[in-house]
Amino acid sequence: MRRIGCLVVLVLLLSCQAVCAKSLPFALGQPVAVTKLLPPPPLPGSPEERGELAELLALQNARTPEMVERVRADAERSAFRFADVLGPGFSPEKLPKAAAFLDGLKRAAQAMDGDGKAFWNRARPVAADPAVTPCVRTPDSPSYPSGHATYGTLVAIVLANMVPERQRELYARGQAYGFAREVAGVHFPSDVAAGRIVGTLIAAALLEDPSFMAAFAEAKAEVRRALGLPERE
């Protein structure tokens, strides 16, 4: 999966020009055909899936109360979960414009990854092995790709472009946001890997869209003021 991941990202990024031509600020006009761009998930009962289940069971056995508390908090699909990187100034109360802007990212992510979920209709890990015991509610939606990983990756990239001073920490937080779904037992590792690819595609498309970038500039200025950072192009 990881070996082909880079190739898939390149294909996705090359498709951005066509995507952007349709003007995708927040609510995407038409989802990209991720079913033609993502690798399919491992087949049920395959050695690859059994290996993924073994990884999830190992994570499950290593879960601590602190880890459970963290992944339960990260079950909330909110960009303000990244406040642990950006600080208390990064809050919806202090950032009304940015909060509305970031809510648009959520809608964009949901529009993009729904196509793959419906197409592959992959069952959640607990359906493949009842030994898997999720520590959060198991969503009713299919498992592949991970919507949380899509969203976390998208938010990390957008915030890193607003606050490049924290780029490394923001990308790491986005990785952790998706990985939490593995720790929680509700997603396979390949679900999370695919979600990161989709999140990268959305970010690449939006960051080239003029209407998106106009809203981005306003949100960025508000965020940087709230964080006490100087204005930056």
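The values are calculated or read from the model by the stated rules, or taken from the named source; none is laboratory data. Keep in mind the model is a prediction, meaning the values are calculated, not measured. Don't worry about glycine lacking a Cβ; one is built from the backbone with ideal geometry, like all the others, and counts go over all protein chains shown. Please note that ligands, DNA and RNA were not included when accessible areas were found on the heavy atoms of the full protein model with its side chains. Shrake-Rupley method; radii C 1.70, N 1.55, O 1.52, S 1.80 Å.
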Checking Leu43 against (1) open to solvent by 40 Å² or more (accessible area, probe 1.4 Å); (2) within 16 Å of the chain's Cα centre (by Cα), the condition it does not meet: (2)
Residue among Leu201, Leu206 that alone is modelled with pLDDT under 95, under 20 Å from Gly116 (Cα atoms) and touching a Phe, Trp or Tyr at 6+ places or on another chain (Cβ under 6 Å): Leu206
State the number of residues belonging to region 164-207 that are of a type in the set (Asp, Glu) and in contact with a Pro (Cβ under 7 Å, 6 or more places away or on another chain). 2
For region 201-223, how many residues are of a type outside the set (A, V, I, L, M, F, W, C) and not in a helix (DSSP H, G or I)? 2
Hits in region 48-82 - residues which are under 20 Å from the mean Cα position of the chain (by Cα), loosely packed, with under 15 Cβ neighbours inside 10 Å and part of a helix (DSSP H, G or I): Val68, Glu69, Arg72, Ala73
Looking only at residues in region 119-176 that are outside any helix (DSSP H, G or I) and of a type in the set (Gly, Ala, Ser), which one is nearest to Val198 (Cα to Cα)? Ser146
Please identify the pairs in which a residue from region 148-175 that is open to solvent by 40 Å² or more (accessible area, probe 1.4 Å) has its Cβ atom under 8 Å from the Cβ atom of a residue that is not in a helix (DSSP H, G or I), counting only partners at least 6 apart or on another chain. Asn161/Leu207; Pro164/Arg232; Glu165/Leu229
